[in-house]
Amino acid sequence: MASHTLTINSKNYTIDVDPKMPLLWAIRDFVGLTGTKYGCGIAQCGACTVHLNGTPVRSCSLPVSAAVSKEITTIEGISTDNSHPVQQAWIAEQVPQCGYCQSGQIMAASALLKKNATPTDKDIDAAMQGHICRCGTYPRIRKAIKTASVMMASAKK
Amino acid sequence: MNLDKNISRRNFIKISSLSSAVLAIGYYMPAAGKEPEVLKTETAENLGINLNAWISIDSNGKVTIVNHRAEMGQGSFQSVPQIIAEELEVNLDNVNIVFATGDQSKYGSQITGGSSTIRGSYKRLLKLSASAREMLIEAGAKKLGVKQSECYAEDGHVIHKSSGKKLAYGELVAEASKLDPPKNVALKNPGNYKIIRKPLPRQDTPLKVNGSAIFGLDKKLPGMLYAVVERNPNFIGKVKSFDDSAAKAVPGVKHVFKIQVDVFSSKREGVAVVADNTWAAMQGKKALKVEWDNTGFEHHSTDQLYAKMNESLKGEPISFKTQGNFSSAYSKASKKIDAVYETPYESHSCMEPLNCIADVKETSCEIWGPIQGPDWIQRDLSEKLKLPMDKVIVNMTFLGGGFGRKAFTDYPQEAAVISKEIKGPVQVVWTREDDTTIGPFRPGMVYQCKAGLSGEGRLEAFETKMAGQNMDHQNPHADKSSFNSSVTEGFLEPYMESITNYSFGDYPLESPIPVMWWRSVYSSTNGFAFESFMDEIANAAGKDPLDFRRSLLWNSRYQDLITKLEEVSGWKSRKKNEGYGVAITECFSSIVGEVVKVSKKADGKVKIDKVWAVMDCGWYVNPDIVRAQVEGSIIMALGAATKHATHFEDGKAVEKNFDRYPMTRITDIPEIEVHVMDNEEKAGGVGEPGLPPFSPALTNAIFDLTGKRIRKLPFKLEEV
């Protein structure tokens with residue numbers, strides 16, 4: 001066990017955990033933010049995706065010690081009032097069904113759009129293919145990413 | 001919306017009466033086959049009648065509906081309020097929905113299965129909300145000193161037609177609650193719907209895009225510990241011994257002990273590791289050394305299972321349904337067709353792995369979790385823990401997928417057994433590997449099909465024999481001589497009348513592998529066999545597959561669907577280098593037809609270009625939810641047809657996680673176009689019926705393009 005200070009959504013949390021504990025469980029069980037989900041534990045499904053210094057990572061496979069002194073953003077840090085264009089687009093296209101994988105999907109989509117404001121279908125495939133949705137919301141995810149891209153462009157004008 | 005709050009009837013009345021005036025009414029079923037009766041909750045309480053569902057309107061005009069079904073993605077949290085708001089004449093934003101706790105005595109069956117939430121209760125919900133509206137109109141007319149017939153309701157107000165004077169519902173609830181619900185109420189004509197039939201956005205969406213929706217795994221209780229269980233990978237064997245020294249050395253691990261739970265009529269043993277956080281419990285499980293006693297039952301491999309199924313088909317079936325004389329008609333047929341189809345075992349693989357919280361005390365037990373059948377769990381735990389039914393409270397959270405798996409009682413029982421042992425609240429968490437390997441699975445099936453055609457290509461004789469595990473036979477005291485009641489699930493009703501001589505038989509397979517409903521249940525595999533075979537028959541008859549089906553479907557409802565499907569898919573104008581396949585199946589009172597279009601890529605490999613689906617679910621609430629469910633069903637079917645399957649080696653599941661059990665991903669998805677039929681038929685299911693026609697439509701399309709007939713699932717698209 002060791003003390004770790006994590007910066008999550010611009011707030012500092014000090015927790016006493018095994019340095020090898022995956023960031024996912026530190027966030028869920030110790031920090032108490034449950035929007036980040038456990039899906040597979042082997043970086044295959046993307047449900048646990050958070051941003052580490054702005055880059056999407058699989059928190060189930062990243063030891064907590066590797067996240068110290070980095071900026072961690074979880075779904076709760078995207079916005080709690082659904083004001084982020086990706087969240088808005090997800091609502092507009094009625095993407096979620098069960099909703100369990102959507103935190104991870106939104107984290108991937110928001111990172112993609114930050115890097116690439118007008119992604120093609122190929123770009124979307126590359127950014128989103130690591131994310132599993134058992135309900136099969138993929139057609140709407142694709143549509144919503146394009147909708148978010150348009151929303152972001154018109155907000156800039 | 002209040003989503004992390006469960007509510008009992010007694011508490012509901014208590015809460016309702018706190019806000020002083022309320023109108024609270026519900027319905028109950030006086031007897032089987034009788035019309036539902038609407039009563040005030042107060043009257044019901046005094047008479048000792050348990051209401052099935054109820055709504056209340058408070059002095060602010062806010063409406064609350066207590067929902068007795070689970071929300072697992074299928075949209076009951078939107079569909080049920082849309083029904084209520086329509087007949088009650090209120091804005092949807094004023095309708096709040098809360099989960100009911102599991103209680104069979106109050107709600108009757110609460111199982112969210114068989115695509116039954118809407119089709120099972122929509123008429124009652126319409127009547128209930130129309131009754132409340134009429135009571136408010138009566139109270140409003142009285143207050144205005146005018147005749148009731150001169151008033152109408154709109155947007156939460158009672159309005160006097162000629163003067164335009166109006167009163168808000170909130171002002172009328174006190175008066176209305178003194179009135180008796182009307183004996184009869186007229187329901188709206190669907191043509192006048194303002195809220196039903198509209199693609200209104202789901203009320204649970206905002207919670208599902210910012211991480212605030214509470215799924216089972218997100219629920220926490222003060223002082224709660226976490227349990228991970230090493231279960232017997234052979235399903236029913238015993239724990240011979242275990243060494244927990246390394247597990248107990250993991251920081252955070254508090255307890256390690258053997259547990260046993262019921263899985264149908266078998267017992268499943270395992271060793272539970274309880275810790276103060278999830279990861280420690282997972283590490284503890286990895287460090288366990290368990291020796292199993294797996295004597296006394298067979299350890300099947302996949303090959304052995306299918307060999308047994310094929311062997312059994314040589315014997316006599318348990319006959320399900322016959323008409324005319326198949327054998328005689330088949331022997332006289334001028335053309336004979338036969339084929340064998342095979343479908344795999346599958347894991348449900350909900351994105352939220354199984355989990356459940358239990359807090360068992362001396363005299364009570366409370367459960368929280370992602371649960372499809374709360375009343376079943378109440379009954380099961382009442383028996384297991386020897387507690388009265390009313391001392392077992394089952395709370396539903398959001399479900400991160402269900403697909404049939406979360407209707408089973410094993411994982412809540414594990415939580416209860418562990419909580420009882422440690423004398424405190426605990427959450428049992430299944431790892432993804434547990435979730436993929438322990439089952440229950442969708443059963444693997446083998447279908448042997450035969451058909452005979454007349455010289456003119458008329459279908460004279462039809463036979464299917466189905467071999468595989470029978471889900472009902474697993475139950476204690478099951479009558480194993482009974483046929484599988486779902487042998488013909490998925491098969492179109494009118495076919496039965498068009499085919500003069502048919503025979504359907506069941507060959508149940510005995511195996512220790514637990515099996516369970518998987519989205520659309522037997523139809524999910526039956527549909528592949530029936531509609532592939534129908535295609536083979538059409539081809540042998542030299543007929544267009546769509547026209548051939550049409551010739552057997554005399555009824556206008558089916559004709560309308562097939563015509564629509566033909567139109568939207570451009571079936572008749574397809575090009576030479578395109579393969580088109582069609583399939584139509586029927587289950588849970590809905591009919592779905594799908595056309596798949598395939599073509600060859602530059603490298604010669606087959607790709608799926610597009611899927612058209614036409615859904616006829618009769619009366620429906622929200623067309624966008626219907627479309628979403630059909631899209632999801634097609635994508636789930638695509639996975640089971642071309643991506644994944646569960647295999648067994650030495651009686652254990654081989655595929656453990658998404659690396660070996662690969663799901664469909666965004667890169668696999670063709671364009672999907674869904675059409676919903678508008679008609680006056682009764683409401684059918686929405687969550688499942690879109691699944692069965694996809695795989696036969698796909699393999700029929702591949703046959704159309706390449707001449708290659710695929711009779712075994714799954715297959716790899718890139719290997720066609």
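Each reported figure results from applying straightforward, stated rules to the coordinates on display, with no laboratory input. Source: prediction; values computed, not measured. Every residue, glycine among them, receives a Cβ derived from its backbone with ideal geometry; neighbour counts consider all protein chains shown.
For this structure, a couple of remarks:
- Computed E for B:T706/A:D123 - FRET, C-beta separation, R0 22 angstrom, nearest 0.05: 0.10
- Across the stretch B:359-457, the mean sequence separation of Cα contacts (distance under 8 Å, 6 or more residues apart), normalised by length, yields a relative contact order of 31 percent.
- With only Cα atoms counted, chain A has Rg and Dmax values of 15.4, 51 Å.
- The A:K146 and B:D155 beta-carbon pair, evaluated with R₀ = 45 Å, returns a calculated FRET efficiency of approximately 0.80.
- Taking the Cα atoms of the stretch A:86-136, the ratio Rg/Rh between the radius of gyration and the Kirkwood radius comes to 0.94.
- Overall form of the stretch B:529-615 per C-alpha gyration tensor (a/c, 1.5; a/b vs b/c): prolate
- Net charge of neighbours whose Cβ lies under 12 Å from the Cβ of B:E87, counting Lys and Arg as +1 and Asp and Glu as -1: +3
- Long hydrophobic helices in chain B, taken as whole DSSP H segments with a C-alpha length of 20 Å or more on their own axis and mean Kyte-Doolittle hydropathy at least -0.5: B:117-144, B:523-540, B:623-642.
- Here B:S328 and B:S301 are evaluated by their C-beta separation; at R0 = 30 Å the FRET efficiency comes out at 0.15.
- Exposure proxy ranking for B:H675, B:H160, based on other Cβ atoms within 10 angstrom of each Cβ and starting from the fewest, stands as B:H160, B:H675.
- Helix-only arithmetic for chain B: the sum of -39500 (n - 2.57) across DSSP H runs with n ≥ 4, divided by the residue total, places the mean residue ellipticity at 222 nm at -9000 deg cm²/dmol.
- In terms of surrounding Cβ atoms within a 10 Å radius of their Cβ, B:V392, B:V720 rank from fewest to most as B:V720, B:V392.
- Note on chain B: the C-alpha convex hull projects to 33.9 nm² when averaged across all orientations.
- Residue order, fewest to most surrounding Cβ atoms within 10 angstrom, among A:I132, B:I669: B:I669, A:I132
- With coordinates expressed along the principal axes, the C-alpha atoms belonging to the stretch B:648-720 extend over 52, 32, 25 Å, beginning with the largest.
- Annotation for the stretch B:112-206: chymotrypsin sites (Phe, Trp or Tyr not before Pro) lying in DSSP loop with at most 15 further Cβ atoms inside 10 Å of their Cβ are B:Y193.
- Helix A:102-115 and the longest principal axis of the Cα set of chain A meet at an angle near 70°.
- For the stretch B:380-506, a crude dipole built from +1 on the beta carbon of Lys and Arg and -1 on the beta carbon of Asp and Glu, taken about the Cα centre, is about 440 debye to the nearest 20.
- Cα convex hull of the protein assembly as shown - mean projected area over all directions, nm²: 38.9
- Amide hydrogen neighbours beyond the local backbone of B:F658, cut-off 5 Å, H modeled: none
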